[in-house]
1. Treating only the Cβ atoms of Lys and Arg (+1) and Asp and Glu (-1) as charged, compute the dipole magnitude of the chain about its Cα centre; round to the nearest 20 debye.
2. Across every pair of different alpha-carbon atoms, what Kirkwood hydrodynamic radius in Å does region 127-206 reach?
3. Pick from 166, 131, 155: which is most flexible by mean-square fluctuation in a GNM of the chain where alpha carbon atoms under 10 Å apart are linked?
4. Where nothing but the Cβ of Lys and Arg (+1) and of Asp and Glu (-1) is charged, how large is the charge dipole of region 1-109 around its Cα centre, in debye to the nearest 20?
5. Select from 127, 50, 87 the residue farthest towards the positive end of the dipole of region 33-139; place +1 on Cβ of Lys and Arg, -1 on Cβ of Asp and Glu, and compute about the Cα centre.
6. I need the peptides 134-146, 40-52 ranked by packing, meaning the mean over residues of other C-beta atoms within 10 angstrom, with the highest value on top.
7. How much mean residue ellipticity at 222 nm does the chain get from its helices, if each DSSP H run of length 4 or more adds -39500 (n - 2.57) and you divide by all residues, to the nearest 500 deg cm²/dmol?
8. Just check region 36-150 against the gyration tensor rule for me: Cα atoms, a ≥ b ≥ c as the square roots of the eigenvalues, rounded for a/c under 1.5, and otherwise prolate or oblate depending on whether a/b exceeds b/c.
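What follows draws every value from the coordinates through simple rules; no lab data is involved. Predicted model only: the values in this text are computed from it and were never measured. Don't worry about glycine lacking a Cβ; one is built from the backbone with ideal geometry, like all the others, and counts go over all protein chains shown.
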Amino acid sequence: MISTQSLIALLIAYLLGSIPTAVWIGQIFYGIDVREYGSGNAGTTNTFRILGKKAGIPVMLIDVFKGWLACYLAHWFSNYNPDSIQFANFQLSLGIIAIVGHIFPVFAGFRGGKGIATLFGMVLAIHLQAALCCCIIFLVILIFSHYVSLGSMVASFSYPVLMIFAFHVGNKSVILFGVCVAVLVLVTHQKNIERLLKGKESKSYLFRKKVRN
């Protein structure tokens, strides 16, 4: 039976995830609701496209921090050994609830983003080394292809592979989580995949301004 302490942690995790960073930054500093433009998502990628780097970078960092902090709640709201399977499973639960909060934020009419940045924060908390490797993979794909969505998908599919074959993670729940990450990213990027196949996906440039045709 789940304890009151665990329920409180799960509620806090959901509320953390529900902080609509992109919406609030867009409305407060630019007078724009990013959900009304571009892809319609209240996330990092759409913020970069609509409002640029000055808004996109803080949105990304805060959304990543939301996922990491949600998982870190396990240190404050559980008595499990940090090396135990129970602790890892509790962290997974907290992170997943935070992602649900990001996708369906109570503070923004339940219209949020895809949760990729928050998911990455969760991944950082669960397995730092694999997460950093995925970050490098993402950046390499982005630099050479200029597609954020493609980088996100490739990095996500790399995560469970790295945990199994590079870091030899033995916790089945963590491995299952890695597989679910890949599936979740694939499901939430269906429209991006369609646009990529049609050559209509928007590009993002890290080191130079976008060239308009």
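1. 940
2. 13.1
3. Answer for the Gaussian network model of the chain: 166.
4. Dipole about the Cα centre, nearest 20: 260 debye.
5. 50
6. Ranked by mean Cβ neighbours within 10 Å, highest first: 40-52, 134-146.
7. So the calculated ellipticity at 222 nm is -21000 deg cm²/dmol.
8. Note, shape of region 36-150 comes out oblate.
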